[in-house]
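The values are calculated or read from the model by the stated rules, or taken from the named source; none is laboratory data. These figures come from a predicted structure and were not determined experimentally. Cβ: placed from backbone, ideal geometry, glycine included. Neighbour counts: every protein chain shown. Areas reflect the complete protein model, heavy atoms only, side chains present, ligands, DNA and RNA absent. Shrake-Rupley method; radii C 1.70, N 1.55, O 1.52, S 1.80 Å.
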Amino acid sequence: MALLRKINQVLLFLLIVTLCVILYKKVHKGTVPKNDTDDESETPEELEEEIPVVICAAAGRMGATMAAINSIYSNTDANILFYVVGLRNTLTRIRKWIEHSKLREINFKIVEFNPMVLKGKIRPDSPRPELLQPLNFVRFYLPLLIHQHEKVIYLDDDVIVQGDIQELYDTTLALGHAAAFSDDCDLPSAQDINRLVGLQNTYMGYLDYRKKAIKDLGISPSTCSFNPGVIVANMTEWKHQRITKQLEKWMQKNVEENLYSSSLGGGVATSPMLIVFHGKYSTINPLWHIRHLGWNPDARYSEHFLQEAKLLHWNGRHKPWDFPSVHNDLWESWFVPDPAGIFKLNHHS
């Protein structure tokens with residue numbers, strides 16, 4: 001009997017230990033993050049990845065910014081953090097537009113740009129005064145505005161994104177390159193340069209080759225230019241190469257010597273970037289920057305071609321929220337009405 005009692009005690013002890021082990025495992029399993037137990041879930045690295053997108057919100061064209069943000073957010077499952085850059089007197093309006101519209105679900109930070117950094121660096125006699133607005137130069141100062149990211153996307157406000165922004169973010173930057181742009185000579189054949197009168201696609205259209213400072217660069221005037229309206233930037237390389245300081249240097253030299261071409265094929269922000277990044281940039285897939293939609297209101301592209309495009313850019317004078325313009329139906333489908341009723345579409349003469 002004593003032996004049987006001992007056996008029963010041992011069996012009872014083993015049963016209790018087994019129950020304790022089962023209970024411990026159940027409790028412990030409940031404390032393990034889902035990522036470690038669900039093979040189909042994202043890895044911790046994927047969850048932590050954040051795609052920073054920098055875009056400006058100017059007072060008179062804030063509706064463009066909101067449409068661009070809407071198109072980006074609606075076409076991706078990626079974790080986007082929007083850096084919306086504005087001047088001090090617009091910051092409250094930016095926040096209200098986002099928080100009182102369908103954009104209230106986005107992750108965003110509002111960043112103030114101080115135009116005083118541009119003092120003494122901009123000539124006041126541009127043939128297109130609208131391009132002298134301070135926010136047009138935000139792209140020069142990305143590391144000063146965005147601190148905790150290695151890789152950043154910058155977009156002009158007059159764009160619509162039709163693809164997954166993750167694909168643009170995954171653009172490979174070669175070793176030693178601080179940025180990637182779209183080459184103006186790599187436009188898809190459906191965008192016939194000859195139809196866009198006055199458009200420049202070489203350095204000759206941006207720099208005045210009569211000036212010694214430009215000649216001394218040793219850059220052929222027939223070199224293909226690029227468009228800085230879409231940028232994928234490496235912040236470490238940007239800071240290491242002191243890109244901002246280099247750009248400021250050429251801005252100041254232009255104030256002193258008027259180095260930019262009088263024909264000025266594009267924005268005044270393009271010319272110093274062409275100098276600083278010459279031969280030192282990677283390229284973006286051409287379908288991620290289909291541009292010149294705002295150049296000529298009579299130049300239309302095929303619907304099939306536009307559907308294939310990942311990003312549409314209405315660079316030029318003819319914006320899709322105004323009249324006259326082309327393909328504004330593609331832009332208007334992403335328009336987010338202004339809760340304050342200030343920004344209105346103008347599609348009539």
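For the range 329-347: of the residues being without any contact (Cβ under 8 Å) to a residue 60 or more places away in the chain and among the small types (Gly, Ala, Ser), which is surrounded by the most Cβ atoms within 10 Å (Cβ to Cβ)?
That would be Ser333.
Using the structure shown, decide if Trp250 is in contact with a strand residue (DSSP E or B) (Cβ under 6 Å, 6 or more places away or on another chain) and of a type in the set (A, V, I, L, M, F, W, C).
The answer is no for Trp250.
Any chance the range 141-157 includes a residue that's open to solvent by 10 Å² or more (accessible area, probe 1.4 Å), within 18 Å of Leu287 (Cβ to Cβ) and either part of a loop (DSSP other than H, G, I, E, B) or among the hydrophobic types (A, V, I, L, M, F, W, C) (or both)? Break it down stepwise before answering.
So the first thing to find is which residues in the range 141-157 are open to solvent by 10 Å² or more (accessible area, probe 1.4 Å), and the list is 143-145, 147-151, 156-157.
Filter again for within 18 Å of Leu287 (Cβ to Cβ), leaving 156.
If we keep only those that are either part of a loop (DSSP other than H, G, I, E, B) or among the hydrophobic types (A, V, I, L, M, F, W, C) (or both) too, we end up with 156.
Yes; the residues of the range 141-157 include at least one that is open to solvent by 10 Å² or more (accessible area, probe 1.4 Å), within 18 Å of Leu287 (Cβ to Cβ) and either part of a loop (DSSP other than H, G, I, E, B) or among the hydrophobic types (A, V, I, L, M, F, W, C) (or both).
Would you list the helices (runs of 4 or more DSSP H) that sit entirely within the range 23-113 and hold 1 or more residues that are in contact with a strand residue (DSSP E or B) (Cβ under 8 Å, 6 or more places away or on another chain) and at pLDDT 95 or above?
62-74, 91-99
Can you confirm whether Glu248 is acidic (Asp, Glu), surrounded by 16 or more Cβ atoms within 10 Å (Cβ to Cβ), under 25 Å from the mean Cα position of the chain (by Cα) and at pLDDT 95 or above?
Values: acidic (Asp, Glu): yes; surrounded by 16 or more Cβ atoms within 10 Å (Cβ to Cβ): yes; under 25 Å from the mean Cα position of the chain (by Cα): yes; at pLDDT 95 or above: yes.
Taking the combined requirement at face value, the residue satisfies it.
What's the total number of residues in the range 278-328 that are among the hydroxyl-bearing types (Ser, Thr, Tyr) and either out of contact with any strand residue (DSSP E or B) (no Cβ under 9 Å at 6 or more places or on another chain) or open to solvent by 20 Å² or more (accessible area, probe 1.4 Å) (or both)?
Number satisfying all stated conditions: 4.
If you check every pair at least six apart or on different chains, which have Cβ atoms under 7 Å apart with a residue in the range 285-296 that is on the phi > 0 side of the Ramachandran plot and at pLDDT below 90 first and a residue that is small (Gly, Ala, Ser) and not in a loop (DSSP other than H, G, I, E, B) second?
Once the first residue is on the phi > 0 side of the Ramachandran plot and at pLDDT below 90 and sits in the range 285-296, no partner that is small (Gly, Ala, Ser) and not in a loop (DSSP other than H, G, I, E, B) comes close enough.
Does Tyr260 satisfy the condition of being among the aromatic types (Phe, Trp, Tyr) and over 17 Å from Leu207 (Cβ atoms)?
Numbers: among the aromatic types (Phe, Trp, Tyr): yes; over 17 Å from Leu207 (Cβ atoms): no.
In short, no.
Somewhere in the range 48-71, is a residue acidic (Asp, Glu) and either surrounded by 20 or more Cβ atoms within 10 Å (Cβ to Cβ) or farther than 20 Å from Met235 by Cβ (or both)?
No: zero hits.
Name, by its number, the condition in (1) over 15 Å from the mean Cα position of the chain (by Cα); (2) of a type outside the set (Phe, Trp, Tyr); (3) surrounded by fewer than 18 Cβ atoms within 10 Å (Cβ to Cβ) that does not hold for Ile98.
(3)
Taking the range 164-185, which residues are under 16 Å from Asn75 (Cα atoms) and open to solvent by less than 10 Å² (accessible area, probe 1.4 Å)?
Result: Ile165, Leu168.
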